[in-house]
Amino acid sequence: MNTSMALVAHFVRRELQNRYLGSISGSLWALMQPLAQLAIYGFVWAYVFKMRPPGDDASPGAIVPFLALGMWPWNAFAEAVTRSTTVIQDNAGLIGKVAVPRAVLVFSTAAASFLLHGFGFCAIMVALGLAGMSVHLLMLPVALLAFALLFLLALGFSFLFAAVQVFVRDLSQALGQIMPLWMFASPVLYAREQLPEAYRGWFGFNPFSFYPEYLRSLMLDAGRVDVVAQSIAVVVAIAVCALGYVVFRRLDPRFEDFL
Amino acid sequence: MSAIVATSSPGAVTDDTLVAAHGLGKSYPKVFRPRDRLRALGRLLLGSDIADSVPVVREVDLRVRRGESLGLIGENGAGKSTLLKLLTGVLTPSAGTVEVHGRVGALLELGAGFHPEYTGRDNIAMSAALYGLTGEEMRERLPQIVEFADIGRYIDEPVKHYSSGMVVRLGFAIVAALKADLLITDEVLAVGDESFQKKCVRWIEDYLDDGGTLILVSHSMYHIQKLCRQACWLHEGVIAAAGDVFEVTQAYLAFHERKLAGTAPVRDTIAAQGLEFHLLDLSVNGVAQETPLFLDRGDNLRVRARVRSRDGRAPVVAFGIVRADGSAVYGVSSEMDGVLPFAESENVYIAEIEFANLALLPGAYAIRAHPLDSEGVRLFDTLERGIVVRGHSREFGIVRLDHVWHQTPSPTAAAQDTRLLRATNP
């Protein structure tokens, strides 16, 4: 257990270093990219589409924290899942030559994404608070708990996809198409209320839709997420994580045969 | 089901076994089309095994105790590296079990586990973590590793700038610093230069003297004989011979000599089946295998050939013994001794011969069998099996002839001597 944690620490550090290896600004990019994304969406949403967060008659700028609370959890989730999907395949050289617990590779990749975007999330929330937006900074620790739950959900998908990818290489290609679709099928860039009445129920089938809504209710007092929805989210995250891990463990001994 | 049981505390072992493998096997699935991968995934998820697979290592039983040194030899593709990877847990066995106790230091492939973009120091840290060293142990041993590797300023450069020799130096330095209970190395030392090879060999010798345990794969019989006391010969995925290092390496070398000398006839199995008489199999002391059988001098040698006769007539069967270099030792046929092979079925005849109290001197030999037509005129087919007679002897030649030493001159010999003397000195 102890050695596994030491390995995770090594792999997380390496994963973060690898991404920005050779770039001058290093991991600053990790913070810059989502900020640029937020600026673009904020501008287009507020000034081109003239969108306002629902149930609020605030300034055009109020869309910014609303978007941020959707984009950071989504980025963490989507990046963790897509990067983990190919991690076993990408480390084929390591797997065939060194005795490395494969689950550590997946865990580290997902953890690196969440560390990076978790940190970015805190930074942007504090920055928005300081800029005078009505963000409940006191709720930030609870928001991070939600992030931890989202990590479990992402980990489940990561284990599942990483294992299947070894056998069926089409998965990572398909994910490239599915993930943007998934984002627009979730209340990331819009609110549930902005959907036509008939389609709102569909969010019930989307395990991700809970997170932006819960974070917005927490940090912006926008909408309510009841205890039932919260409990369902906890159960779903744990179930997905367990399922992903079970599948991963079952396929794990045969990875080397198909890499 | 297969399993790897690894305990990191050597104290947990009561006897001194460090590695125990039982019925160990590894096979790779045949994957030709992308569709096969999908089918394999489905089967594995449902908990059944993959139907079509090629065995690489089969039925290996191995036990290495603390303080032993085992050399693993065999041709390219015999499964040596796969076996090492099974023992070190890099690969998961498809059959059988492996138990490993204690910390294993493995040097399996050139630069295995090194990331080319990172410096030597970073890679040392990563390898240490993979071997399960704590951060503190790592810091403690870092100077030692850097000193042993002895690659100067390169230690702070990315590994992609290293020569292959430097990669091996770094790899060996890490393994040396591990203070492993068991050291497993594949044919990597050969890459280092002369002085580094010597340094490694000296280090391994010291390590063995201090009670270390070693499994070494090498094509250099010199290294194997120098460093190992036991040897194991892997042939086409199965253990062909195991035991004393000199016996096994000699048998292995003899096997290759025979192959090179071309004395082992290349047999076209399909063509042979078209012959009037062809050999179905040839077993020596009940064992029908291609790799040599080990015997002791004075053992009984029982050779049995099964011959298929196309038209059901009884064949004449000849057996012969040749030395590894091809020179004949002895040959005899059923017709010479007036014996008839007995019929197993309508078309299959069995000839069996026994050489009791084998007089062959230690060395490698081949047993050959040939079916001849019923008249004993035409020879049809040939099968050959190797045998190795173990033991040490300072006698010369091929066979031990029965002899008696007379320590007092017998009267007739004395008389002969005087006659001879008289003949030369009239």
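The values are calculated or read from the model by the stated rules, or taken from the named source; none is laboratory data. Given the structure is predicted, the values throughout are model-derived calculations rather than measurements. Heads up, the Cβs are rebuilt from the backbone with ideal geometry, glycines too, and the neighbour counts pull from every protein chain shown.
Restricting attention to the stretch A:222-236, the residues that are buried (at least 16 other Cβ atoms within 10 Å of the Cβ) and in contact with a Ser or Thr (Cβ under 9 Å, 6 or more places away or on another chain) total 2. Only one of the numbered conditions (1) touching a Lys or Arg at 6+ places or on another chain (Cβ under 8 Å); (2) closer than 20 Å to residue B:218 by Cβ is violated by residue B:31, and that is (2). Where helices (runs of 4 or more DSSP H) fall wholly inside the stretch A:85-158, the ranges with 1 or more residues that are of a type in the set (S, T, N, Q) are A:87-90, A:102-130.
In the list A:240, A:188, which residue meets the criterion of being among the aliphatic types (A, V, I, L, M), touching a Gly at 6+ places or on another chain (Cβ under 7 Å) and not in a helix (DSSP H, G or I)? After applying the criteria, what remains is A:188. Considering the stretch A:175-190, the residues that are more than 16 Å from residue A:82 (Cβ to Cβ) and touching a Phe, Trp or Tyr at 6+ places or on another chain (Cβ under 8 Å) include one that is surrounded by the fewest Cβ atoms within 10 Å (Cβ to Cβ), namely A:185. Just give me the residues in the stretch B:36-49 being of a type in the set (Gly, Ala, Ser), facing chain A (nearest Cβ under 10 Å) and within 34 Å of the chain's Cα centre (by Cα), in sequence order. Answer for the stretch B:36-49, where residues must be of a type in the set (Gly, Ala, Ser), facing chain A (nearest Cβ under 10 Å) and within 34 Å of the chain's Cα centre (by Cα): just B:40.
Restricted to strands (runs of 3 or more DSSP E) entirely inside the stretch B:204-313, those with at least 3 residues that are over 23 Å from residue B:345 (Cβ atoms) are B:213-217, B:230-235, B:238-244, B:293-296. The single condition among (1) farther than 14 Å from residue B:170 by Cβ; (2) in contact with a strand residue (DSSP E or B) (Cβ under 8 Å, 6 or more places away or on another chain); (3) in contact (Cβ under 8 Å) with a residue 60 or more places away in the chain that residue B:132 does not meet is (2).
Only a single item in (1) in contact (Cβ under 8 Å) with a residue 40 or more places away in the chain; (2) under 21 Å from residue B:212 (Cα atoms); (3) touching a strand residue (DSSP E or B) at 6+ places or on another chain (Cβ under 9 Å) is not met by residue B:55, and it is number (2).
Determine whether residue A:218 is at pLDDT 95 or above, out of contact with any Phe, Trp or Tyr (no Cβ under 7 Å at 6 or more places or on another chain) and farther than 22 Å from residue A:102 by Cα. For residue A:218, the condition - at pLDDT 95 or above, out of contact with any Phe, Trp or Tyr (no Cβ under 7 Å at 6 or more places or on another chain) and farther than 22 Å from residue A:102 by Cα - is not met. Being in a helix (DSSP H, G or I) and either more than 32 Å from the chain's Cα centre (by Cα) or β-branched (Val, Ile, Thr) (or both) is a property that residue B:184 lacks.
Of the strands (runs of 3 or more DSSP E) lying entirely inside the stretch B:50-160, those carrying at least 2 residues that are of a type in the set (Asp, Glu) and within 23 Å of the chain's Cα centre (by Cα) are B:53-65.
Filtering the stretch B:208-227 for residues that are among the aromatic types (Phe, Trp, Tyr), without any contact (Cβ under 8 Å) to a residue 60 or more places away in the chain and buried (at least 19 other Cβ atoms within 10 Å of the Cβ) leaves an empty set.
Note on the stretch B:110-129: residues that are touching a residue at least 40 places away in the same chain (Cβ under 8 Å) and hydrophobic (A, V, I, L, M, F, W, C) total 5.
Restricting A:197, A:193 to those that are charged (D, E, K, R), out of contact with any helix residue (DSSP H, G or I) (no Cβ under 6 Å at 6 or more places or on another chain), exposed (fewer than 13 other Cβ atoms within 10 Å of the Cβ) and away from chain B (no Cβ under 14 Å) reduces the list to A:197.
When A:72, A:29 are checked against the criterion of being in contact (Cβ under 8 Å) with a residue 12 or more places away in the chain, away from chain B (no Cβ under 14 Å) and assigned to a helix (DSSP H, G or I), A:72 stands alone in meeting it.
Residue count for the stretch B:363-379, restricted to those that are crowded, with 18+ Cβ neighbours inside 10 Å and modelled with pLDDT under 85: 2.
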